[in-house]
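Structure record follows, encoded as structure tokens.
The values are calculated or read from the model by the stated rules, or taken from the named source; none is laboratory data. Not measured: the values here are computed from a predicted model. All Cβ positions, glycine included, derive from the backbone under ideal geometry; neighbour counts span all protein chains shown. All accessible areas refer to the heavy atoms of the entire protein, side chains included, with ligands and DNA or RNA removed. Shrake-Rupley method; radii C 1.70, N 1.55, O 1.52, S 1.80 Å.
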Amino acid sequence: METSLIKEELLAQQLQNAFENIVTEAVRKDTVFAYASKEQVSSILLYAKEKLGYKSLAHMSCIDWLESDEFELVYIIWSPETKLNLFVKTRIDRQNPEMENMDMIWRQLNTYQREIREMFGVEFPGFVGEKEFILEDWEDAPPMRRDFDTLEYVNDTFFEREGREDKQDVRERIAKRSGEEIPDFAKKYSRE
Amino acid sequence: MREKSTTLYLGPQHPGITGNMMVKLQLEGDTIVKATTHVGYLHRAFEKLIERRNWMQTTTILCRFCVPEPDPPEAAFALAVEQIEGREVPERGKYLRSLVLELARLQSFMLWYAGQSGSTGLYTVGQWSVGDRNYVLDLFEELTGGRIYHMYIWPGGVRRDIPEGFEDKVLRTMDYIEKRIDDYDRMMFDSAIFQKRAQGVGIITKEKAMEWGVVGAPLRGCGIGHDVRKDNPYDAYDKLDFEMGIFEGGDVWARARVRQFEIRQTISMIRQLIQNLPSGDYLNKMPNPMKWTIPAGSAYGKVESVRGEFGFHVVSDGSDKPRRVHARGPAYVHGVSLLEDVLIGQNLADVSFIMNSLGVCPPEIER
């Protein structure tokens with residue numbers, strides 16, 4: 001597998017030559033990673049788009065690294081000429097999460113930024129986009145953060161309808177209510 | 001009397017899409033001046049759920065990302081996991097995967113026929129194609145046990161081998177469907193109503209298409225030939241003989257022509273896959289699925305669905321659960337930023353028609 005990474009190595013080298021202080025890595029076939037500081041990301045993306053032909057933005061993602069108190073932002077861009085995926089990765093402070101707004105480079109980033117702002121609470125100063133995207137009237141912590149406990153939220157917010165509590169054997173309840181006997185062959189599936 | 005602009009909330013339930021999504025339209029007469037997408041009616045927090053599931057349990061959630069096309073997410077996830085883990089897929093597994101993916105494309109094309117013709121009032125085509133789609137679903141049922149959700153593609157290969165006599169059934173179904181498509185085309189593409197409604201409507205500019213993140217049939221309908229199966233071939237696609245449908249115009253008509261061309265390519269590919277199906281193993285087995293850990297790393301797996309590139313960004317921290325699985329469906333771009341732009345200047349009656357043509361699938365936008 002390691003033998004045919006010529007295109008990938010070349011791209012990694014090109015980026016390395018153009019920018020100081022970034023780390024690039026030809027990871028595997030069709031994939032190159034570039035690790036940069038958050039200030040450098042926009043210039044790397046612009047350089048890749050304008051000079052290297054990485055015209056298409058495939059994806060933008062955010063990962064919560066709770067242990068090291070950081071968010072990782074990943075921009076995945078693709079070139080129609082080299083057919084390579086370039087991952088531009090950066091880490092930002094989790095306590096004060098802020099990232100440069102880049103929807104002027106690719107306007108679909110507007111949608112991604114809206115989602116990441118809503119789900120992780122990352123702010124993009126100067127970014128114009130409707131506040132709500134997926135969630136409606138949400139006032140709690142951003143829900144995709146690792147420290148947001150979904151189960152706790154559900155238990156606090158919703159109640160279970162009477163007779164529909166968790167882990168109830170509905171069939172037995174109905175049988176009991178209507179005074180019917182559960183047949184022997186079905187008794188082994190009983191939960192009570 | 002001066003005409004004032006009206007605000008119309010179209011949706012969340014309307015015939016243009018599978019799922020619920022609202023488009024807020026600013027109208028002058030019946031011409032759209034501004035469109036804003038509102039999603040959020042189908043948020044099921046799948047990505048959050050996945051953080052609490054182990055790698056194997058994740059596969060049961062993935063197929064639910066997009067109802068009309070449940071297989072591309074499974075395949076994209078499997079590809080990403082294989083990239084991180086370096087797991088090889090046996091040749092037969094690759095062919096079976098491609099077979100399932102192409103069958104999934106076929107059934108999705110048939111749903112598209114229904115949506116596209118139904119939104120112009122040609123309901124007969126829709127009833128035919130949805131009826132005939134059941135023959136493809138029958139094949140899925142026999143192969144995987146499920147008609148809609150299959151959970152068939154696993155990291156490392158596929159879940160089970162094909163049953164006895166399955167090849168013949170597939171070929172017979174293909175012969176039948178191939179004949180039926182000619183009927184659909186006569187009803188739909190030869191219809192003056194459809195031609196008039198589709199031509200010059202919902203235009204995407206060729207110069208901007210690539211940059212705006214347009215993928216799949218809408219991109220090829222702008223005359224730009226990109227297809228994940230050709231550009232970054234996965235599974236058995238590098239061994240198949242097929243062409244991309246590339247048409248100029250960027251309107252609904254061009255996109256329909258692309259799909260009309262590609263459904264036939266899909267049938268030809270299914271035949272090739274059956275004829276050249278190699279023997280051997282179909283799954284490179286993972287260790288005990290409940291204790292299965294993936295080395296730390298990240299990858300982006302992508303496949304070509306009917307609506308375009310479907311990708312998964314998968315991040316592993318080396319544990320038995322995914323750290324982050326983030327989906328990128330074609331509808332994420334097509335249904336929000338692109339749709340809002342394309343709808344401007346269009347007629348109110350064409351909204352669901354255009355949405356269907358772009359392949360907007362709300363369950364995939366909000367997951």
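Roughly how many whole Å is it from the C-alpha centroid of segment B:33-87 to that of segment B:226-248? What the calculation gives is 23 Å, centre to centre. Taken along the Cα-to-beta-carbon direction at a fixed 7 Å, the label points for A:Glu130 and B:Asn347 span 2.6 nm. Note on chain A: GNM, Cα springs under 10 Å; of A:Ile174, A:Ile22, A:Ile77, the largest mean-square fluctuation is that of A:Ile174.
If you place +1 on the Cβ of every Lys and Arg and -1 on the Cβ of every Asp and Glu, how big does the dipole about the Cα centre of segment A:102-192 come out, in debye to the nearest 20? Write down the numbers at each step before the final one.
Details: 16 positive and 24 negative charges, 92 e Å.
The calculation lands at about 440 debye.
Averaged over its residues, segment B:46-327 has an accessible area of 34 Å² per residue, based on protein heavy atoms and a 1.4 Å probe.
Of the chymotrypsin sites (Phe, Trp or Tyr not before Pro) found in segment B:1-101, no site is in coil according to DSSP while having at most 13 other Cβ atoms within 10 Å of its Cβ. Per residue of peptide A:61-67, the mean number of Cβ atoms on other chains within 10 Å of the residue Cβ is 4. Of the residues A:Met104, A:Met60, A:Met119, the one that moves most in a GNM of chain A with alpha-carbon contacts below 10 Å is A:Met104. For segment A:92-126, chymotrypsin sites (Phe, Trp or Tyr not before Pro) meeting the loop criterion (DSSP other than H, G, I, E, B) and having at most 16 other Cβ atoms within 10 Å: none. At a 1.4 Å probe, what is the % contribution of carbon and sulfur to the accessible area of segment B:46-327? Whole-percent figure for carbon plus sulfur exposure: 49.
Could you give log10 I(q)/I(0) at q = 0.06, 0.09, 0.10, 0.11 Å⁻¹ for the protein assembly as shown, computed by the Debye formula over C-alpha point scatterers of equal weight, without solvent? With no solvent term, the Cα-only Debye profile gives -0.31, -0.71, -0.88, -1.06. For chain B, a Gaussian network of Cα nodes joined below 10 Å ranks B:Met210, B:Met244, B:Met174 by mean-square fluctuation, and the top entry is B:Met210. Taking the Cα of B:Leu277, stepping 7 Å toward and past its beta carbon, and measuring to each backbone N in segment B:153-176: which are under 18 Å? The answer is B:153-154, B:157-176, whose backbone nitrogens lie closer than 18 Å to the label point. For segment A:43-141, trypsin sites (Lys or Arg not before Pro) are listed when DSSP marks them as loop and at most 16 other Cβ atoms sit within 10 Å of their Cβ; the list is A:Lys51, A:Lys83, A:Lys131.
Beyond a 25 Å Cα-Cα separation, which of these cross-linked pairs lie in this structure: A:Lys89/B:Lys321; B:Lys48/B:Lys94; A:Lys131/B:Lys206; A:Lys29/B:Lys291; A:Lys49/B:Lys48?
Values: A:Lys89/B:Lys321 22 Å; B:Lys48/B:Lys94 30 Å; A:Lys131/B:Lys206 31 Å; A:Lys29/B:Lys291 28 Å; A:Lys49/B:Lys48 32 Å.
In this structure, B:Lys48/B:Lys94; A:Lys131/B:Lys206; A:Lys29/B:Lys291; A:Lys49/B:Lys48 lie more than 25 Å apart at Cα.
Which pairs, out of A:Lys83/B:Lys302; A:Lys55/B:Lys34; A:Lys7/B:Lys302; A:Lys83/B:Lys230, put more than 21 Å between their alpha-carbon atoms? Violating the 21 Å Cα-Cα cut-off are A:Lys55/B:Lys34.
Could you run the numbers on buried accessible area between A and B, total for both chains, 1.4 angstrom probe, in Å² to the nearest 100?
Values: alone 12800 and 14780 Å², together 23760 Å².
Using a 1.4 Å probe on protein heavy atoms, the buried area is about 3800 Å².
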